[in-house]
Amino acid sequence: MDTTPKILKETSSGDFLSDIRDEMLKNREVECFGPIDHDSVQSLIRQLRHLQRQDPEAEIRMYIDSPGGEILSGLALYDVMQNLSCPIRTLCVGQAASMAAVLFSAGARRELLPHSEVMIHDPLLSSGPGGSALQVQETARRLLQNRERLCGILAKHTGKSLEDICQRTKQDTFFTAEEAVDFGLADGILQTI
């Protein structure tokens, strides 16, 4: 069942229901809600590219409430965010955890609602390693490579040292809105949207 809110529109041809996300897109607002995966990222990339073509300088607001997800999909979205000429303002409206925390921290302006939280940690295996010893070794190598890559991105956007980020991501590290600002993951706390 589709639970997406609809908006009643009046036109010369009569009334019709419009998806609220269409209205949000007209206002240069996109949502990164739920798990970060191939499908959600491809949709976001299409929306961002569309808004870039409409106005290459106007700000885009990206609302984030996500537990994180796939690293490579998240990095694809990160790369697009970094290569658009439009500034992307990220707004955490719940949680920005794991890969979502990396995306949130990469905003040109990063803000949270007062009761939002951010969580960073090392990348996790999506399933247990299997196969031969060489396959397990390759999986571990790629996991460590992703750890270094993600810690580097967080260090770049927080102003913290790579060593500090690597220390903080050894375990799940949760930040309240105030702590996220103090750590450099966010620029401020919003009282109203």
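The values are calculated or read from the model by the stated rules, or taken from the named source; none is laboratory data. Since the structure is predicted, the reported quantities are computational estimates derived from the model, not experimental observations. Cβ coordinates were reconstructed from backbone atoms using ideal geometry, including for glycine residues, and neighbour counts include every protein chain displayed. Please note that ligands, DNA and RNA were not included when accessible areas were found on the heavy atoms of the full protein model with its side chains. Shrake-Rupley method; radii C 1.70, N 1.55, O 1.52, S 1.80 Å.
Among Ser126, Ser132, which is over 19 Å from Leu75 (Cα atoms), open to solvent by 30 Å² or more (accessible area, probe 1.4 Å) and at pLDDT below 95?
Ser132
Of all the residues that make up the range 147-193, how many are open to solvent by 30 Å² or more (accessible area, probe 1.4 Å) and in a loop (DSSP other than H, G, I, E, B)?
Looking only at that region, the number is 10.
Among the numbered conditions (1) more than 21 Å from Arg28 (Cβ to Cβ); (2) surrounded by 17 or more Cβ atoms within 10 Å (Cβ to Cβ); (3) at pLDDT 95 or above, tell me where Ser105 comes up short.
Ser105 satisfies all of (1) more than 21 Å from Arg28 (Cβ to Cβ); (2) surrounded by 17 or more Cβ atoms within 10 Å (Cβ to Cβ); (3) at pLDDT 95 or above except (1).
Residue check, Glu59 against (1) charged (D, E, K, R); (2) open to solvent by less than 40 Å² (accessible area, probe 1.4 Å); (3) touching a residue at least 40 places away in the same chain (Cβ under 8 Å), all met but one. Which one?
Every listed condition holds for Glu59 apart from (2).
Residues of the range 71-80 being free of Cβ contacts under 8 Å to residues at least 40 places away in the same chain and surrounded by fewer than 20 Cβ atoms within 10 Å (Cβ to Cβ), which ones?
In the first step, residues of the range 71-80 are kept if they are free of Cβ contacts under 8 Å to residues at least 40 places away in the same chain; the result is 72-74, 76, 79-80.
Correct list: Leu72, Ala76, Asp79, Val80.
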